[in-house]
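Q: Structure incoming, see below.
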Amino acid sequence: MAITQAMTTSFKAQLMLAVHDFRPSADTGADVFKLALYTSSASLDANTTTYTSSNEVSSSGTNYTAGGGSLTNLGVTAVNTNSTTGVGFTDFGDLTFANATITARGALIYNTTPSANSNANTALTNAAVAVLDFGSDKTATNGDFTIIFPTATNTTAIIRIA
């Protein structure tokens, strides 16, 4: 079993079908994205299509429940990096699970409210967006477990399309 960092293949196809709405979380109609944490026993990669509770972390503290936590979407930005190349990106605010005892190897970002589309040939319930591999187990013991997202730029944002 392994966690391999990737933008999921199903997500790439769903973008073309207008399934995901990345407007800022405060906007009416914006989709709700969540982040779930997983142990090193999880099997997550580009082929992951939906949220799964299999090998999701458990917490002996508070503030982590199955399904993880809701993300604050910072919105979409497009940047022309030169005369021939542009990058579109979106990012999320940092997420903290407070007063928790957690050991996690990776995470799954998923959309709890994807738009229905009769042309989509993949599941539209809790649609997977991206798998994050932390590189090693990360642990919090009766404290904060915080996911710190990279700076929202065309070269560092968590979700970028060039």
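Q: Just give me the residues in segment 6-52 being part of a strand (DSSP E or B) and over 16 Å from Gly75 (Cα atoms), in sequence order. Show your work before the answer.
A: From segment 6-52, those part of a strand (DSSP E or B) are 6-7, 33-38, 44, 50; that's our starting set.
If the condition is that a residue be part of a strand (DSSP E or B) and over 16 Å from Gly75 (Cα atoms), then Ala6, Met7, Leu35, Ala36, Leu37, Tyr38, Leu44, Thr50 are the ones that fit.
Q: Okay, moving on. Filter segment 16-26 for residues that are among the hydrophobic types (A, V, I, L, M, F, W, C) and open to solvent by 60 Å² or more (accessible area, probe 1.4 Å) and give the result.
A: Of the residues in segment 16-26, the ones among the hydrophobic types (A, V, I, L, M, F, W, C) are 16-19, 22, 26.
Passing the criteria: Met16, Ala18, Ala26.
Q: Kindly provide the set of residues from segment 10-57 that are small (Gly, Ala, Ser) and closer than 22 Å to Leu95 by Cα, ordered by number.
A: Applying the first criterion (small (Gly, Ala, Ser)) to segment 10-57 yields 10, 13, 18, 25-26, 29-30, 36, 40-43, 46, 53-54.
Within segment 10-57, Ser25, Ala26, Gly29, Ala30, Ala36, Ser40, Ala42, Ser53, Ser54 meet the criteria.
Q: Return the total of residues in segment 27-50 being open to solvent by 60 Å² or more (accessible area, probe 1.4 Å) and out of contact with any strand residue (DSSP E or B) (no Cβ under 9 Å at 6 or more places or on another chain).
A: Qualifying residue count, segment 27-50: 1.
The values are calculated or read from the model by the stated rules, or taken from the named source; none is laboratory data. Owing to the predicted nature of the structure, the values given are computational and were not obtained by experimental measurement. Don't worry about glycine lacking a Cβ; one is built from the backbone with ideal geometry, like all the others, and counts go over all protein chains shown. Heads up: the accessible areas ignore ligands, DNA and RNA and are worked out on the full protein's heavy atoms, side chains in. Shrake-Rupley method; radii C 1.70, N 1.55, O 1.52, S 1.80 Å.
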